[in-house]
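The values are calculated or read from the model by the stated rules, or taken from the named source; none is laboratory data. Predicted model only: the values in this text are computed from it and were never measured. As a convention, Cβ positions derive from the backbone with ideal geometry for all residues, glycine included, and neighbour counts pool all protein chains shown. Surface areas here come from the heavy atoms of the whole protein model, side chains and all, with no ligands, DNA or RNA. Shrake-Rupley method; radii C 1.70, N 1.55, O 1.52, S 1.80 Å.
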Amino acid sequence: GGFNLGFYINLDGSQQEADVTLMEAGKGEKNELVNFVVVPSPLYENAFRFEAAYRRGYFLVFRPPTYLKMIPYSGGKVPAGSVLDFTLVDFQAMFKFIDVEEVLRPVLETKTGWTPLEQVKSDPNVVAYFQNILQKPMWDDEDFQTYFEGHFESWQFRQDSTGPQVRLRGVDERLGYALERVRASDEAAALIVEAGDDVRRLRWKYMAPAFDALSKPGSGDVTAVLRRMDAHRKLLGALGVSLAGAEEDASLADLAKLAHSMQTLAGGEGVSPDIVSRSTEVGERLGKLVLGHMSEAERAGALGSSRFSFSVKWLSALLALPGVGSKGHILMKLVTPPLSEASISELVAMVSSAQASNAGPLAAEVVGLVLERLNKTSASAVEVAGVLRDIVGAGVALERCASALLKHGAELPASELASTIVAFAEKGYTGEALGKACEELAGMPLEDLSSPSLLAFAVASTKSPSLTSCVGKVVDVAVTLLGMWPAADTVRLLVTVAKTKGNTISAETRKELIQQANVSLVPKLGELPAAEIVRLALAVQPVAGEQGSANLGEGDAGQLLEAVGKEVVRRMSDLPQAHLLLLTQGLAPLGGKHSVLRDMCGFWGAVLLGDEGAGDEVSRRRKEMERSQALTADQVLKLASLVTPLAKDLDGETVQRCFGGIGARFIALAGSLGEAQKKAVLEQAQKDDGLGLWEGRSKLIRALEKGGGGDRSRSRSRMLSSRSKSRKRSRSRSGGKKQKRGRSSSSSSRSKQRSNNKKSPSRSRRRSKSRSKSRGRGRSRSKNKSSSRNDRKKRSRSRSSSSSRKDSSKRR
């Protein structure tokens, strides 16, 4: 009965830990919430562990200074910062373990503000503690001063004219001081989570230390990670409340520090999406406060006031807040010290932040300060190049930076100049100054450039025409080192050279590149991923195409392309259809007589037909690939255009299989094809090549016409419609005459028709042939005819049978 230690633990086992509270429960009540099983400690003699009786695996732990928890524990190492083993002490001896803070805190919690030390010393509980527990005289003022100053995170002590005074710090102060002293994020998370609702009382000025504490390294344990996430959520919720009081109290520097502390939550690695969303909402509120301070400073003319000034190191954090970047010109005036006194590294960081925050004018102004500083200082050319690369990476003032590069270009090593030029080209910049810098580079010895630098320059040349004066020499050097390059880098260089048009790269260099690539790549083809195989085939295709299929085996390009083709055939079943389509394009110069193209065309037919005959593992994987990665209509059209020129050199069986698969796919897609697509397919099917060689092309043409495509189908539908209308008109005009005829006429006409059919079988065959032709042109018309004919037959039969019944009755 009475009060018990109680807890709530979810039954689904998703809860990591639970708070322990005092819970009122009578005898036999709430057993699942208050009952424990006492287990002897395996570590300490005469010590015990307390396990939840109805939730086995959850144990009672103590976390200093004043927290009791129920946590899951299955043995092994005791969680850090938790006490799992307890000793039982006689209640009468409990008082010997009372700390002086447990006596002083209740005394001062009833007071507000500063309390004279004499009132504390005269309190009955304090007197009883010293007399009965410590059994020592009361401390003097110096002893109390030493104690309070040694525990400054909880107590504040001062001397004034009235004597010594003491104050118990508030919850937010105590938590703030504790967070400032933590060494790891796990410790900070424990303080925040265990503070419970007291976190909401944390003032805004303690939020920055709290976020800084949580950003420190922590344990990778799942429980620790979840606790840190929970701490972030609690802290963000508390910040939303405390910002309401920051408008009047917080300076711009305070808000800047807080913004800087929150930057780690704005999409950092491993941050939960809901935490990012909450931090974005809080960032918007913080941005409004900053904008309010800036407007107030500009309106009051207090740009030099300490309330509206901040350190340059916080500028990046302020610019990252929503809406602040548009007021960059005001921030420039509030920075302390002025930007003219900031270091170059601080200014460069500011450029990137300003550009990312859409504060282009501010970024350009800071770039001017950086370049002016570089001209005045004795910075080396290498330092200048590094600063220029950082600025160019932000995409700001490229023309001015290119002029600065040209000024120092002759003093730079080739590697520094090349990497800086590449930075400009990556931004797509083209200018006279950059072109002259490239000419300067072309006059330097490039043999010392590393392989990654050579490749980066070659790739960058495709993005900026200003690099054409030097790219030829760069590729010349790269070819000599190609044997030591990774296969993927060699393929990338081949692709780059294939994209480079004109005479910037000589024919001799291109030929030497293919020769060296043939030697270095062929042994490594089996190691290349599918995407690299595709790039290689497309890069070699133009060179191989110039040789022609007849002379293909004599050149290095043809040999390389043939080796690629054999590798493709080896792994065809594993390749996505989109990759196989590009490979068909790249390997087309081999010609239809080559076994590689014949195998590929046959494989295309099997894939597009959905051949169900084979049941081996390869076929099963191929069918799975077909279902998940089937070609679109445009891609099938492209495939047909690629293999059509090869048809004249393919054997008959491969032709029927390949174009049969393509035709079958078009038939399946007939209902979804657009008018332009249907027209293109019909044109191919009506030629004497490609799809026109397929034996089932008439079926394809009918499927396309039935699907509503083409002018012929529309004109035929109009013709059928007009015929049916004229037939109805003729029936309406002759309806009266038909009613006047005798009933026996239908039976006689029917007998004549039968005799005529017996006498002239050829005539009936001709009629059946014409019916089958008309059925092919328009089935709806023939169905209407046959149904009307059957109706007339039924009516005539019923009339003749009724007439015969009347005649027999008369005879009787």
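Miscellaneous remarks
- Screening segment 26-64 for residues that are basic (K, R) and in a loop (DSSP other than H, G, I, E, B) and picking the one that is least open to solvent (accessible area, probe 1.4 Å) gives R55.
- Qualifying residue in segment 244-262 (condition: more than 26 Å from A80 (Cβ to Cβ), polar (S, T, N, Q), within 24 Å of the chain's Cα centre (by Cα) and surrounded by fewer than 23 Cβ atoms within 10 Å (Cβ to Cβ)): no
- Only a single criterion out of (1) open to solvent by less than 60 Å² (accessible area, probe 1.4 Å); (2) within 21 Å of D230 (Cβ to Cβ); (3) within 41 Å of the chain's Cα centre (by Cα); (4) free of Cβ contacts under 8 Å to residues at least 40 places away in the same chain is not satisfied by N10, namely (1).
- Scanning segment 432-450 for residues that are surrounded by fewer than 17 Cβ atoms within 10 Å (Cβ to Cβ) and either of a type in the set (A, V, I, L, M) or more than 19 Å from A381 (Cα to Cα) (or both) turns up E432, A442, E447, S450.
- Top-ranked residue in segment 263-284 [being open to solvent by less than 50 Å² (accessible area, probe 1.4 Å) and not hydroxyl-bearing (S, T, Y); ranked as modelled with the lowest pLDDT]: G268
- Complete set of residues in segment 174-202 that are under 22 Å from P106 (Cα atoms), among the basic types (K, R) and in a loop (DSSP other than H, G, I, E, B): none
- Taking residues in segment 501-518 that are in a helix (DSSP H, G or I) and surrounded by 10 or more Cβ atoms within 10 Å (Cβ to Cβ), and partners anywhere that are modelled with pLDDT of 90 or more and not aliphatic (A, V, I, L, M), the pairs with Cβ atoms closer than 7 Å and at least 6 places apart or on different chains are T509/G472; T509/D476; A517/T490.
- Conditions (1) open to solvent by less than 50 Å² (accessible area, probe 1.4 Å); (2) closer than 30 Å to Y206 by Cα; (3) of a type in the set (V, I, T): number failed by T110: (1)
- Pairs with Cβ under 7 Å, 6+ apart, first in segment 656-667 and open to solvent by 30 Å² or more (accessible area, probe 1.4 Å), second modelled with pLDDT of 90 or more and among the aromatic types (F, W, Y): Q656/W694
- Leading residue by the ranking (modelled with the lowest pLDDT) among those in segment 26-72 that are closer than 12 Å to F7 by Cβ and among the small types (G, A, S): A53
- Every condition in (1) open to solvent by 80 Å² or more (accessible area, probe 1.4 Å); (2) free of Cβ contacts under 8 Å to residues at least 40 places away in the same chain; (3) within 30 Å of F7 (Cα to Cα) is met by G75 except one, and the failing one is (1).
- Checked against the criterion of being farther than 28 Å from A359 by Cα and either modelled with pLDDT of 95 or more or not hydrophobic (A, V, I, L, M, F, W, C) (or both), segment 419-431 contains not a single residue that satisfies it.
- Among the candidates V564, V534, V522, V471, the residue that is at pLDDT 90 or above, within 27 Å of P445 (Cβ to Cβ) and assigned to a helix (DSSP H, G or I) is uniquely V471.
- Residue match in segment 151-173 (condition: at negative phi, in a helix (DSSP H, G or I) and open to solvent by 50 Å² or more (accessible area, probe 1.4 Å)): no
- Segment 65-101: number of residues that are over 30 Å from I9 (Cα atoms), of a type in the set (D, E, K, R), out of contact with any helix residue (DSSP H, G or I) (no Cβ under 7 Å at 6 or more places or on another chain) and not in a loop (DSSP other than H, G, I, E, B): 1
- Counting only residues that are assigned to a loop (DSSP other than H, G, I, E, B) and open to solvent by 10 Å² or more (accessible area, probe 1.4 Å), segment 323-346 holds 4 of them.
- Number of the exception - G435 against (1) within 38 Å of the chain's Cα centre (by Cα); (2) assigned to a loop (DSSP other than H, G, I, E, B): (2)
- When the criteria are applied in full, A359 fails the requirement of being touching a helix residue (DSSP H, G or I) at 6+ places or on another chain (Cβ under 7 Å), of a type outside the set (V, I, T), more than 28 Å from L454 (Cβ to Cβ) and surrounded by fewer than 23 Cβ atoms within 10 Å (Cβ to Cβ).
- The residues of segment 280-315 that are under 15 Å from P338 (Cα atoms) and touching a residue at least 12 places away in the same chain (Cβ under 8 Å), listed by number, are L303, S306, F308, S309, F310, S311, V312, K313, W314, L315.
- Test: residue in segment 319-327 that is of a type outside the set (S, T, Y), over 30 Å from D230 (Cα atoms) and under 37 Å from the mean Cα position of the chain (by Cα): yes
- Filtering K473, K501, K463 for residues that are out of contact with any helix residue (DSSP H, G or I) (no Cβ under 8 Å at 6 or more places or on another chain) and not aliphatic (A, V, I, L, M) leaves a single hit, K501.
- Within segment 302-311, one or more residues are in contact with a Lys or Arg (Cβ under 8 Å, 6 or more places away or on another chain) and surrounded by fewer than 19 Cβ atoms within 10 Å (Cβ to Cβ).
- Residue in segment 262-275 that is closer than 26 Å to E194 by Cα, of a type in the set (D, E) and assigned to a helix (DSSP H, G or I) present: yes
- Complete set of residues in segment 213-233 that are assigned to a helix (DSSP H, G or I) and open to solvent by 70 Å² or more (accessible area, probe 1.4 Å): V222, L226
- Meets criteria (in contact (Cβ under 8 Å) with a residue 40 or more places away in the chain and open to solvent by 20 Å² or more (accessible area, probe 1.4 Å)) for S352: yes
- Candidate set: segment 537-560, residues that are outside any helix (DSSP H, G or I) and surrounded by 18 or more Cβ atoms within 10 Å (Cβ to Cβ); chosen: the one modelled with the highest pLDDT: G555
- Within segment 104-127, the set of residues being under 57 Å from the mean Cα position of the chain (by Cα) and farther than 14 Å from G170 by Cα comprises just one member, L104.
- Close pairs from segment 674-695: first assigned to a helix (DSSP H, G or I), partner loosely packed, with under 13 Cβ neighbours inside 10 Å, Cβ under 7 Å, at least 6 apart: G692/Q686
- Test: residue in segment 405-426 that is of a type in the set (A, V, I, L, M, F, W, C) and touching a Phe, Trp or Tyr at 6+ places or on another chain (Cβ under 6 Å): yes
- Total residues in segment 406-431, condition surrounded by 20 or more Cβ atoms within 10 Å (Cβ to Cβ) and not in a helix (DSSP H, G or I): 2
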